[in-house]
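Undergrad: Just dropping this structure here.
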Amino acid sequence: MYAPESEYAFDKDLTQRLRGYQRPAKRGLAKWSFGQLFAFAVGMTGLVYLVVSTQNRFFQPDVLHVTLVLGTLGCWRFGWWFTHAVRAEIYRRVKWPRMRAKADAVWQSGWRPRRLHIQMTTYYEEPAITKRVIGSILGQIKREGIPTTLYIGTGSAYDELIIRSFVETHAQDIPDDLAELVFIRQNQPGKRMAIGLILRAINRNGVDPDDLVIFMDGDALYGQDVMEKTLSMFGADPELQALTTDEEVICYGPKWIANWLDMRFAQRRLAMQSHAMSDKVLTLTGRMSVFRAQHMLSERFIRTIEADHLDHWLWGRFRFLSGDDKSTWYHMLTCGSKMTYVPDATVYTIEVIKENGLERMIQNFRRWSGNMLRNGTRAIALGPRRVKPFIWWCIVDQRIAMWTMMVSPTLAILAAFVDPMYLVSALIWVIFSRVVLCLFLFRYSRTVDLSWPFILYFNQVINASVKIFMIFHLSKQKWSNRGNQSAGGGGGLMARMQNWTAKAQLVIAVAAFVSGLAIYIGALPAPSWF
């Protein structure tokens with residue numbers, strides 16, 4: 001569904017959706033409708049029939065060596081995936097309940113942070129979204145009674161007028177000494193500079209190292225009790241330095257994009273809980289993360305956000321356009337900080353997609369993958385002792401997985417030249433394996449969606465392809481938000497030479513990858529010197 005045209009209609013529709021999300025989530029078979037159970041039963045019956053009736057080509061002598069590679073990769077990749085699933089269950093059932101009980105006890109005893117600072121950036125946001133977000137913040141400030149300063153970074157008077165009008169109308173009953181509103185009009189483009197200006201303003205206003213600072217976006221809407229559930233964690237654990245929360249997505253756009261985002265957030269919940277077993281996370285999500293204020297006093301922390309960059313042999317020194325959440329995460333890694341994930345504090349991300357859905361999907365992949373790759377190299381360099389062995393290997397695995405993911409479809413296509421029916425067997429396996437994976441993902445979703453097995457595989461192939469492209473084009477950055485920014489697209493002679501070199505590297509790497517697999521299965525003759 002696309003966003004309603006009028007502000008009133010948008011707000012009304014958003015209200016209805018939020019009511020649905022705020023109801024208790026169903027569990028187990030209660031998530032499934034009769035139609036879904038029937039369709040699933042029919043689909044599984046069809047798969048079993050295909051497995052039984054289709055000649056198994058995996059163990060044909062001329063393609064057995066292909067099956068051995070695919071089987072080995074499958075055992076590794078699915079074994080790693082199920083390791084995450086087991087760790088996530090242990091976190092959810094064992095570790096997290098103890099953490100929550102301890103935090104609740106501290107909160108009920110009367111502990112509160114001395115002061116809360118909220119850092120939020122917004123840029124020409126939908127008025128209905130902005131009002132909802134500000135309303136959710138003010139409501140929880142009033143309820144918890146924590147002295148709070150809300151710093152809002154803007155790029156123009158547009159958002160400021162909407163927020164000021166809303167506050168003047170709806171916050172008259174909140175005392176001035178409880179909540180303070182500060183606008184920071186940025187004088188340089190980009191979200192990073194807006195955040196930097198806010199952090200410097202926080203320092204000027206006076207901040208205690210044990211104050212807490214929330215980082216959030218202008219389209220992130222607080223769920224129930226978010227402040228209580230997140231801030232209490234710091235009172236219960238003096239060593240905790242940062243945390244991030246659960247997210248749900250409310251999407252206004254093509255239905256398949258909404259399904260894809262729902263699946264991505266289910267994957268995120270599983271992965272985040274697995275990572276939190278190591279007292280680390282792989283990103284301090286910009287939608288909603290909380291930090292101890294002592295880090296805001298660090299000029300290095302502020303400059304990491306404002307001017308984070310990478311020195312690359314081909315692209316030289318280039319600054320990061322987006323990915324401020326990855327920069328804060330990397331800084332916390334360098335400090336050896338304890339981080340965690342709060343699964344019962346939900347922030348609702350409101351996505352309004354007006355452009356082509358596939359184009360937006362690929363653009364998001366380019367942004368997310370680029371941020372991951374740009375930060376991954378230096379995070380790996382910190383070593384397993386600083387990062388924690390499991391988390392360190394997760395970062396390494398991200399770089400390996402983009403190639404291993406492409407081995408299976410490439411080998412299956414190449415093997416089809418040797419035995420055309422091999423592709424049919426491979427396709428059956430792909431569908432069956434993704435169905436099994438999605439049965440686990442459904443445990444981390446509010447609803448069941450039978451399109452997920454197909455979306456999951458499509459997601460994996462597109463994501464791996466984009467990562468392979470991005471690893472050779474790290475300076476290429478584009479962000480449709482905040483003025484449709486882009487970087488790395490210069491047209492001078494040096495820029496053209498860099499682009500040609502990067503494309504040559506990409507072509508050579510992909511050609512070597514495909515040729516190596518083709519030689520292995522016998523589709524191409526091996527060189528005489530091999």
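Undergrad: If each of Ile413 and Ala504 carries a label point 7 Å out from its Cα toward its Cβ, how far apart are those two points in nm?
TA: In this crude spin-label approximation the distance works out to 2.5 nm.
Undergrad: Let me ask something additional. Tabulate in residue order the Karplus-calculated ³J(HN,Hα) for the range 7-20, using 6.51 cos²θ - 1.76 cosθ + 1.60 with θ = phi - 60°, rounded to whole Hz; enter x for Gly and Pro.
TA: Result, ordered by residue: 4, 5, 5, 4, 4, 5, 5, 4, 4, 5, 5, 5, 4, x Hz.
Undergrad: In whole Hz, what ³J(HN,Hα) sequence does the range 389-395 give by Karplus (6.51, -1.76, 1.60; θ = phi - 60°), x for Gly and Pro?
TA: x, 5, 5, 4, 5, 4, 5
Undergrad: Right, another one. Can you give me the distance in nm between label points at His170 and Ile400, each placed 7 Å from the Cα along the Cα-to-Cβ direction?
TA: Label-label distance for His170 and Ile400, simple model: 4.9 nm.
Undergrad: What residues have an amide H closer than 5 Å to that of Ala345, excluding those fewer than 5 places away on the same chain, when H is modeled at 1.01 Å from N in the peptide plane?
TA: So Ala345 has HN proximity to Asp246.
Undergrad: If Thr67, Thr154, Thr169, Thr501 are ordered by their accessible area, calculated over protein heavy atoms with a 1.4 Å probe, which sequence runs from highest to lowest?
TA: Result, largest first: Thr169, Thr501, Thr67, Thr154.
Undergrad: Within the range 1-82, list the chymotrypsin sites (Phe, Trp or Tyr not before Pro) lying in a DSSP loop whose Cβ has at most 13 other Cβ atoms in a 10 Å radius.
TA: Answer by residue number: Tyr2, Phe59.
Undergrad: Give the share of C-alpha pairs in each 5 angstrom bin for the range 104-231, from 0 to the last occupied bin, in whole percents, shortest bins first.
TA: Percent of pairs per bin, in order: 2, 10, 22, 23, 21, 14, 6, 2, 1.
Undergrad: Here's a follow-up. Helix 96-108 versus the longest principal axis of the chain: what is the Cα-based angle in degrees, 0 to 90, to the nearest 10?
TA: Orientation of helix 96-108: about 0 degrees from the principal axis.
Undergrad: What do the square roots of 5 times the Cα gyration tensor eigenvalues come to for the range 313-460, in whole Å, largest first, as semi-axes of the equivalent ellipsoid?
TA: In descending order, the three semi-axes are 32, 22, 18 Å.
Undergrad: What does the convex hull of the alpha-carbon atoms of the range 391-463 project to on average, in nm²?
TA: Over every viewing direction, the Cα hull of the range 391-463 projects on average to 5.9 nm².
Undergrad: By the scheme Lys and Arg +1, Asp and Glu -1, what is the net charge of all other residues having a beta-carbon under 10 Å from that of Glu247?
TA: So the environment of Glu247 carries a net charge of +2.
Undergrad: Another question, if that's okay. Show the residues, 5+ positions off or on another chain, whose built amide H is closer than 5 Å to the amide H of Cys251.
TA: Glu351
Undergrad: May I ask for the longest run of the chain untouched by trypsin sites (Lys or Arg not before Pro) that are loop-located per DSSP and have at most 11 neighbouring C-beta atoms (other than their own) within 10 Å?
TA: So the longest stretch without any such site is 28-353.
Undergrad: Accessible area of Ser53, 1.4 Å probe, to the nearest 10 Å²?
TA: Taking all protein chains as shown, Ser53 has close to 60 Å².
Undergrad: Let me ask something additional. Counting Lys +1, Arg +1, Asp -1, Glu -1, what net charge surrounds Asn375 among other residues with beta carbon under 13 Å of its beta carbon?
TA: +2
Undergrad: Please list, in chain and number order, the residues 5+ apart from Arg115 or on another chain whose amide H is under 5 Å from its amide H, with Hs placed from the backbone.
TA: Distant-sequence amide H within range of Arg115: Leu212.
Undergrad: A follow-up question, please. Could you please put Asp211, Asp176, Asp11 in sequence from largest to smallest accessible area, using a 1.4 Å probe?
TA: Most to least solvent-accessible, the answer reads Asp176, Asp11, Asp211.
Undergrad: Let me ask something else. Give a quick list of GluC sites (Glu not before Pro) in the range 294-363 that DSSP marks as loop, anything other than H, G, I, E or B, with at most 14 other Cβ atoms within 10 Å.
TA: Glu355
Undergrad: Go ahead and estimate [θ] at 222 nm for the chain from helices alone: -39,500 (n - 2.57) per DSSP H run with n ≥ 4, summed, over the residue count, rounded to 500.
TA: -19500 deg cm²/dmol
Undergrad: Applying 1/(1 + (r/R0)^6) with R0 = 35 Å to the Cβ-Cβ distance of Arg114 and Arg443, what FRET efficiency is obtained, to the nearest 0.05?
TA: For Arg114 and Arg443, the calculated efficiency is 0.35.
Undergrad: Show me, for the range 174-188, the HN-Hα J-couplings you get by feeding each phi into the Karplus relation (A = 6.51, B = -1.76, C = 1.60, θ = phi - 60°), rounded to Hz, glycine and proline as x.
TA: Going residue by residue, I get 9, x, 5, 7, 9, 9, 10, 10, 10, 9, 10, 7, 6, 10, 9 Hz, with x marking Gly and Pro.
Undergrad: Something else now. Only loop residues by DSSP count here, and only those with at most 16 other Cβ atoms within 10 Å; note down the chymotrypsin sites (Phe, Trp or Tyr not before Pro) in the range 292-363 that meet that.
TA: Those that pass, being in a loop and sparsely packed, are Trp313.
Undergrad: Once label points are set 7 Å from the Cα along Cα→Cβ at both Ile90 and Trp76, what is their separation, rounded to one decimal in nm?
TA: It is 2.3 nm.
Undergrad: Report, in degrees rounded to the nearest 10, the 0 to 90 angle that the Cα long axis of helix 357-381 makes with the longest principal axis of the chain.
TA: 90
Undergrad: Could you size up the charge dipole of the chain around its Cα centre, putting +1 on the beta carbon of Lys and Arg and -1 on that of Asp and Glu, and report it in debye to the nearest 20?
TA: Its charge dipole is roughly 1100 debye.
Undergrad: Want the number for Ile431 to Ala105: 0.36 nm per residue separation, take away the alpha-carbon distance, what's left?
TA: Stretched out fully, the Ile431 to Ala105 stretch lengthens by 112.7 nm.
Undergrad: Considering all alpha-carbon pairs of the range 1-151, what whole percent are spaced by more than 27 angstrom?
TA: In whole percent, the long-distance tail amounts to 63.
Undergrad: Also, quick follow-up: Let me know the whole percent of all Cα-Cα pairs from the range 1-53 that are separated by more than 12 Å.
TA: 76
Undergrad: Report, to the nearest 10°, how far helix 493-521 tilts away from the longest principal axis of the Cα atoms in the chain, using its own Cα long axis and a range of 0 to 90°.
TA: Between the helix axis and the principal axis of the chain, the angle is about 40 degrees.
Undergrad: Counting Lys and Arg as +1 and Asp and Glu as -1, what is the net charge of the other residues whose Cβ lies under 12 Å from the Cβ of Ala266?
TA: Within the 12 Å Cβ shell, the charges total +1.
The values are calculated or read from the model by the stated rules, or taken from the named source; none is laboratory data. On a predicted model such as this, the values are computed, not experimentally measured, just so you know. Every residue, glycine as well, gets a Cβ built from its backbone with ideal geometry; the counts of neighbours run over all protein chains shown. Surface areas here come from the heavy atoms of the whole protein model, side chains and all, with no ligands, DNA or RNA. Shrake-Rupley method; radii C 1.70, N 1.55, O 1.52, S 1.80 Å.
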